[in-house]
Amino acid sequence: MEEGISNSFNIVEIVDGTSDSKIKLLWKKYIDLSNDELYAILHLRQKVFVLEQNCPYIDADYSDQDALHLLAYRGNDLIGYLRAFRPGIKYEGSSLGRIVTEMNSRGLGIGKKITIEGVELLRKEYPKNEIIISAQHRLEHFYIDLGFTSRGDVYLEDNIDHIQMFIPGS
């Protein structure tokens, strides 16, 4: 997976209701992230997961080094992000995590687009493995609409209700 992914990107059109906006999606390995890109990722994740959701936790969990990173840019602004893991890193199957959209960019379909992009990458690279997420419970129906199925009971993760969800492998 990692040889062909580094620095690949897609430009997608997302209509925001007032004008067409070009969103650039860029996959990168950790080693290929610039200092500015890594800083922007950590800034966005802390802004949403720590400040906005009032959830003090250590976001920099030493898992970024094992992930592929999907960055969504409008111009020079990072407005969406997720990280993807091969099987055996976070779970037995492959997985997605830290799926986030900047507050002022919500409602434009960016979260949906980056999640679909992450699922497509993992299905292509690991078709026999399920794709697992630990979803915030309040977003369960968002992920159901994208093909995920809930599994197990709701649990607390960093003091927020979560539920494990998955897409089966082939």
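Any chance you could count how many residues in the stretch 39-77 are part of a strand (DSSP E or B) and open to solvent by 20 Å² or more (accessible area, probe 1.4 Å)? The total comes to 3.
Do we have I110 as among the hydrophobic types (A, V, I, L, M, F, W, C) and touching a Gly at 6+ places or on another chain (Cβ under 7 Å) here?
Details: among the hydrophobic types (A, V, I, L, M, F, W, C): yes; touching a Gly at 6+ places or on another chain (Cβ under 7 Å): yes.
Against the criterion (among the hydrophobic types (A, V, I, L, M, F, W, C) and touching a Gly at 6+ places or on another chain (Cβ under 7 Å)), I110 qualifies.
Condition check ((1) in a strand (DSSP E or B); (2) at pLDDT 95 or above; (3) open to solvent by 80 Å² or more (accessible area, probe 1.4 Å); (4) within 22 Å of A72 (Cβ to Cβ)) across all residues:
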| position | (1), (2), (3), (4) |
| --- | --- |
| I99 | yes, yes, no, yes |
| G107 | no, no, yes, yes |
| T115 | no, yes, no, yes |
| I163 | yes, yes, no, no |
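The residues of the stretch 78-97 that are part of a loop (DSSP other than H, G, I, E, B) and not hydrophobic (A, V, I, L, M, F, W, C), listed by number, are R86, P87, G88, K90, Y91, E92, G93.
Taken as a whole, the structure places I133 among residues that are hydrophobic (A, V, I, L, M, F, W, C), touching a strand residue (DSSP E or B) at 6+ places or on another chain (Cβ under 9 Å) and without any contact (Cβ under 8 Å) to a residue 60 or more places away in the chain. Does D20 count as open to solvent by 70 Å² or more (accessible area, probe 1.4 Å) and either touching a Ser or Thr at 6+ places or on another chain (Cβ under 7 Å) or at pLDDT below 95 (or both)? For D20, the condition - open to solvent by 70 Å² or more (accessible area, probe 1.4 Å) and either touching a Ser or Thr at 6+ places or on another chain (Cβ under 7 Å) or at pLDDT below 95 (or both) - is met. Only one of the listed residues (E120, E130, E157) is under 18 Å from I23 (Cβ atoms) and among the charged types (D, E, K, R). That residue is E120. Considering only the stretch 145-157, I want to know if a residue exists there that is in a strand (DSSP E or B) and closer than 24 Å to L26 by Cβ. Scanning the stretch 145-157 turns up no residue that is in a strand (DSSP E or B) and closer than 24 Å to L26 by Cβ.
The values are calculated or read from the model by the stated rules, or taken from the named source; none is laboratory data. Since we're looking at a predicted model, the values are computed, not measured. Heads up, the Cβs are rebuilt from the backbone with ideal geometry, glycines too, and the neighbour counts pull from every protein chain shown. Heads up: the accessible areas ignore ligands, DNA and RNA and are worked out on the full protein's heavy atoms, side chains in. Shrake-Rupley method; radii C 1.70, N 1.55, O 1.52, S 1.80 Å.
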